[in-house]
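Below: the structure, in structure tokens.
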Amino acid sequence: MDYSYTGTRDKRDVRDEFQKKHGIIGNSLEMREVVETVMQVAPTDISVLIIGESGTGKEVIANAIHRASRRTDKKFVAVNC
């Protein structure tokens with residue numbers, strides 16, 4: 001899916017669509033920044049380390065990155081350490 005915001009699609013519409021598709025909730029400035037970062041890194045081949053307190057949605061974010069990546073057809077394995 002193309003998450004670019006050119007033409008008639010503005011940044012907020014694209015971000016909202018991405019959040020809804022990947023089950024990411026929240027509308028704070030911080031959460032908007034997280035979603036925008038996810039949208040930027042998902043199509044790349046870089047490694048991403050997601051850190052945070054227990055229960056903050058790290059696995060949801062990791063899954064969103066995976067599902068929006070070119071590797072979406074591969075298996076997603078969450079590692080809790």
Sorted by accessible area (1.4 Å probe), largest first, how do 58, 74, 20, 11 line up?
20, 74, 11, 58
How large a share of the accessible area of the chain, in percent, is made up of carbon and sulfur atoms when the probe is 1.4 Å and the other protein chains stay in place?
53
Taking 0.36 nm per residue of sequence separation and subtracting the Cα-Cα distance, how much length would be gained by fully extending the chain between residue 72 and residue 37, in nm to one decimal?
10.8 nm
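Between residue 30 and residue 81, what length comes free when the chain is fully extended (0.36 nm per residue of separation minus the Cα-Cα distance, one decimal in nm)? Provide the component values of the computation, followed by the final result.
Values: separation 51, 0.36 × 51 = 18.36 nm, distance 2.42 nm.
This chain segment gains 15.9 nm when fully extended.
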Kirkwood Rh over Cα pairs of the range 10-49 into Stokes-Einstein at 20 °C, 1.002 mPa s: D in µm²/s?
202
I need the chymotrypsin sites (Phe, Trp or Tyr not before Pro) found in the range 4-81, filtered to DSSP loop residues with at most 16 other beta carbons within 10 Å of theirs.
5, 76
What lysines does residue 20 reach when the alpha-carbon gap must be under 21 Å and sequence neighbours fewer than 8 apart in one chain are set aside?
11, 58
Excluding residues on the same chain fewer than 8 positions from residue 74, give the lysines whose Cα lies under 19 Å from its Cα.
21
What per residue convex hull volume, in Å³, comes out for the chain when only alpha-carbon positions are used?
100
Per residue, what accessible area does the chain have, given a 1.4 Å probe and all protein chains present, in Å²?
76
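The values are calculated or read from the model by the stated rules, or taken from the named source; none is laboratory data. Source: prediction; values computed, not measured. Quick reminder, even Gly has a Cβ in these numbers, built from the backbone with ideal geometry, and neighbours come from all protein chains shown. Only protein heavy atoms, including side chains, enter the accessible area calculation; ligands, DNA and RNA are left aside. Shrake-Rupley method; radii C 1.70, N 1.55, O 1.52, S 1.80 Å.
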